[in-house]
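To start, the structure itself, in structure tokens.
The values are calculated or read from the model by the stated rules, or taken from the named source; none is laboratory data. Note that the structure is predicted; figures quoted are calculated from it, not measured. Backbone-built Cβ (ideal geometry, glycine too); neighbour counts: all protein chains shown. SASA here: full protein model, heavy atoms, side chains in, ligands and nucleic acids out. Shrake-Rupley method; radii C 1.70, N 1.55, O 1.52, S 1.80 Å.
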Amino acid sequence: MVDAIPLLFQRIRDPFPKACGFPNTRELDNRIGHAFVFANPESVLFSARLAASLFAVMLLGVVWVVARSMFGLAAACVAGTLLAFEPNLLAHGALIATDVPAAFGTLASVFALYAYLVNRTRARWLLAALVTGVAFSLKHSTMLLVPILLILAVADPLVQRNGEPVGRRMGRNLLAVAGILLLALVVLWTVYGWRYQSRPHGAQTWGWGRPEFAGPVAQAIPRLEDAHLLPEAYLKGLQDVVVTSEVGRPAFILGRLYRRGQWFYFPLAIAIKFSLAVLVMAALSCCALRFWRARRRELLFLAVLPLVYLGSAMTSGLNMGVRHLLPVMVFVILFASAGSGELLAHSRKAQVALALLLGLHIASSLRAFPNYLSYSNEIWGGPGATYKHLSLSDSDWGQALKQAKAYVDRTPSSPCWIIRAFYATNQDYGIPCGETSGSIQQIPPVHYHGTLIVSSESLAGFDTALGGARLAATFRGREPKAKLGGSALLVYEGDFDLSVTAAYAYINLANQESGRNLDLARAHAETAARLSPDSPSAHGLVCSLARTREQSDVAERECNLALKLMKDDPNSTPLDEASMRGFMTALGIPIH
């Protein structure tokens with residue numbers, strides 16, 4: 001809503017003015033959003049990103065206030081410097097996304113509770129409720145503030161004694177936090193205009209319903225819908241996030257694709273994506289025992305949120321970027337600034353060391369410019385090597401297509417083809433290459449010679465529509481000629497076997513023809529299975545089309561082959577196997 005405010009003052013072209021009446025699917029939403037962005041001048045997107053960047057500016061302001069209030073002017077200067085040059089904040093601070101706003105909201109909420117407990121006034125209590133409600137409306141993960149604030153309410157009397165009985169003070173704190181949370185929900189309803197229905201005229205809204213594969217948290221959300229306790233749009237989004245986290249998605253870390261999220265993903269992502277200076281200063285801060293012993297309350301308020309957020313992330317099946325831990329990053333910066341600043345403030349040599357660490361942080365940030373999205377620190381090779389360790393929003397979010405256009409313009413003699421995992425098209429940027437992507441399914445030459453530009457997300461093996469892990473295997477051991485956007489797009493030259501990518505283009509064609517021309521659809525599916533014989537998607541499609549033609553022997557063979565291939569396929573999840581078994585059972589196909 002904030003990001004869209006500048007659009008109210010501009011002449012906007014909307015290619016789908018009645019989108020609210022369309023079927024509610026993520027695929028359609030992506031296509032409509034893409035069409036909207038490219039139907040308007042780039043100045044429209046720029047103005048929206050300018051509005052989005054206000055959250056980053058406000059976050060910087062809150063960090064300054066928190067550090068100054070808790071630890072003094074010197075700590076505020078150090079924390080402000082670290083945050084102002086923080087590559088991850090610079091990468092996401094102006095994007096139309098919820099990550100930096102969530103960092104702002106969570107810090108403001110926790111500090112507002114701290115300020116209230118230091119000086120219990122009605123104005124501070126109301127402010128804590130207001131900012132917590134705003135935080136709830138910024139991102140679904142900010143609901144973790146509920147246990148965080150409750151833990152702080154219970155733990156604060158244990159670390160900060162003032163003569164009042166501990167039990168009594170805990171009770172007062174819990175009562176205050178309960179009131180804060182209730183009033184915060186009022187703020188959340190206000191943001192949604194006190195309207196339960198998410199779509200006009202009672203139109204059906206897509207949701208996960210009550211899937212048997214969802215965990216207890218996701219299964220509880222429909223009960224909240226039945227009771228209309230929160231806005232429908234909020235609950236649908238929350239359910240989507242929770243179910244996806246419980247079911248899991250493939251994860252890429254340190255060059256390996258896992259079928260589901262791994263507990264060590266986020267700790268490693270922090271070690272890769274946070275600057276060395278911040279990590280060193282955080283380690284030094286851990287050694288400032290005397291300092292933290294005198295500031296136990298402040299340490300408590302800096303420690304609880306990172307522990308809860310990181311614990312939640314490590315138990316999630318969804319590993320999609322360090323951006324989800326930006327709230328943790330802010331608290332780490334505050335912790336590092338206060339403790340290391342105190343530790344290094346008592347001698348000239350120590351002050352020089354602190355200045356050198358800040359200089360290292362600034363230099364690392366400037367060295368990454370403008371490729372902040374694919375930033376990694378120097379131990380891991382910098383932005384040009386991030387694709388080897390991480391993917392998705394840590395490396396490749398479609399940000400380098402203008403650089404691809406410039407590269408192709410500089411080297412026009414060679415034929416070129418682009419394989420990428422996002423919705424933009426070559427036509428959007430005027431890139432004169434063939435393309436296979438999430439929105440364009442051109443069939444590439446099976447045996448290709450020339451320049452091949454591949455998104456690092458594709459090389460990680462995520463996108464099954466482009467070949468998944470099989471496509472990634474074809475580039476193993478090959479060094480790119482050039483890297484664009486840090487390492488968002490990788491440029492290769494030479495001879496390539498693109499049969500896997502071609503196979504998935506044929507799968508897409510088969511799906512398109514399945515409702516119109518079964519013979520043609522079956523031919524496309526069989527071509528895909530021939531080009532990629534170990535693809536469960538290809539054999540599963542042959543099975544479903546054969547069953548349609550009452551060829552039960554072919555259906556039985558192909559479905560069982562697809563099920564067998566899924567067991568060793570890194571792109572297949574347990575949910576995929578369960579879906580295949582359910583499909584076979586429903587149609588009476590024997591499972592071998």
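Per-structure values
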| item | result |
| --- | --- |
| Output for segment 24-74, where each listed residue is among the polar types (S, T, N, Q) and closer than 30 Å to L113 by Cβ | S53, S69 |
| Residue match in segment 275-282 (condition: within 30 Å of R476 (Cα to Cα) and surrounded by fewer than 19 Cβ atoms within 10 Å (Cβ to Cβ)) | yes |
| Residue pairs meeting the criteria (Cβ under 6 Å; at least 6 apart or on separate chains; first modelled with pLDDT of 85 or more, in segment 11-25; second assigned to a loop (DSSP other than H, G, I, E, B)) | R13/A39; R13/N40; P15/A39 |
| Any hit, segment 493-509, residues being modelled with pLDDT of 85 or more, at positive phi and among the small types (G, A, S) | yes |
| In segment 300-334, residue nearest to L59 (Cα to Cα) [restricted to those that are open to solvent by 40 Å² or more (accessible area, probe 1.4 Å) and assigned to a helix (DSSP H, G or I)] | H324 |
| Condition met for A129 (under 30 Å from the mean Cα position of the chain (by Cα) and more than 28 Å from A269 (Cβ to Cβ)) | yes |
| Candidate set from segment 1-56 (those that are surrounded by 14 or more Cβ atoms within 10 Å (Cβ to Cβ), under 25 Å from the mean Cα position of the chain (by Cα) and among the polar types (S, T, N, Q)); member that is farthest from Y423 (Cα to Cα) | S53 |
| Members of segment 449-478 that are of a type in the set (F, W, Y) and within 23 Å of A510 (Cα to Cα) | F462 |
| Near pairs, Cβ below 6 angstrom, 6+ apart or cross-chain, from segment 215-229 (in a helix (DSSP H, G or I) and open to solvent by less than 30 Å² (accessible area, probe 1.4 Å)) to any residue that is among the β-branched types (V, I, T) and at pLDDT 75 or above | A218/V242; A218/V243 |
| Residue count for segment 144-186, restricted to those that are of a type in the set (A, V, I, L, M), in contact (Cβ under 8 Å) with a residue 24 or more places away in the chain and more than 20 Å from L127 (Cβ to Cβ) | 4 |
| Of residues in segment 335-362 being within 22 Å of R295 (Cβ to Cβ) and open to solvent by 60 Å² or more (accessible area, probe 1.4 Å), the one farthest from the chain's Cα centre (by Cα) | H346 |
| In segment 230-271, the residues that are of a type in the set (S, T, Y) and surrounded by fewer than 17 Cβ atoms within 10 Å (Cβ to Cβ) | Y258 |
| Tally, over segment 230-272, of residues that are of a type in the set (D, E, K, R) and part of a strand (DSSP E or B) | 1 |
| Residue list for segment 566-592, filter: open to solvent by 40 Å² or more (accessible area, probe 1.4 Å) and either of a type in the set (D, E) or under 30 Å from the mean Cα position of the chain (by Cα) (or both) | K567, D568, P574, L575, D576, A578, S579 |
| Residue that is modelled with the highest pLDDT, among those in segment 441-451 that are out of contact with any strand residue (DSSP E or B) (no Cβ under 7 Å at 6 or more places or on another chain) and surrounded by 17 or more Cβ atoms within 10 Å (Cβ to Cβ) | I443 |
| Qualifying residue in segment 275-287 (condition: hydroxyl-bearing (S, T, Y) and either touching a Pro at 6+ places or on another chain (Cβ under 9 Å) or closer than 20 Å to P101 by Cβ (or both)) | yes |
| Residue within segment 457-475 that is out of contact with any strand residue (DSSP E or B) (no Cβ under 9 Å at 6 or more places or on another chain), touching a residue at least 12 places away in the same chain (Cβ under 8 Å) and among the acidic types (D, E) present | no |
| In segment 63-77, residue nearest to R297 (Cα to Cα) [restricted to those that are out of contact with any Leu (no Cβ under 7 Å at 6 or more places or on another chain) and crowded, with 16+ Cβ neighbours inside 10 Å] | M70 |
| Residue in segment 481-503 that is open to solvent by 30 Å² or more (accessible area, probe 1.4 Å), part of a helix (DSSP H, G or I) and either in contact (Cβ under 8 Å) with a residue 24 or more places away in the chain or charged (D, E, K, R) (or both) present | no |
| Residues that are assigned to a helix (DSSP H, G or I), in contact (Cβ under 8 Å) with a residue 60 or more places away in the chain and open to solvent by 10 Å² or more (accessible area, probe 1.4 Å), drawn from segment 79-91 | T81, L89, L90, A91 |
| Sole residue being in contact with a Lys or Arg (Cβ under 8 Å, 6 or more places away or on another chain) and in contact (Cβ under 8 Å) with a residue 24 or more places away in the chain, chosen from V304, V322 | V322 |
| Matching residues, segment 425-437, being in contact (Cβ under 8 Å) with a residue 60 or more places away in the chain and surrounded by 20 or more Cβ atoms within 10 Å (Cβ to Cβ) | T436 |
| Which listed residue, of L95, L83, L89, is more than 19 Å from the chain's Cα centre (by Cα) and either at pLDDT below 95 or closer than 30 Å to L334 by Cα (or both) | L83 |
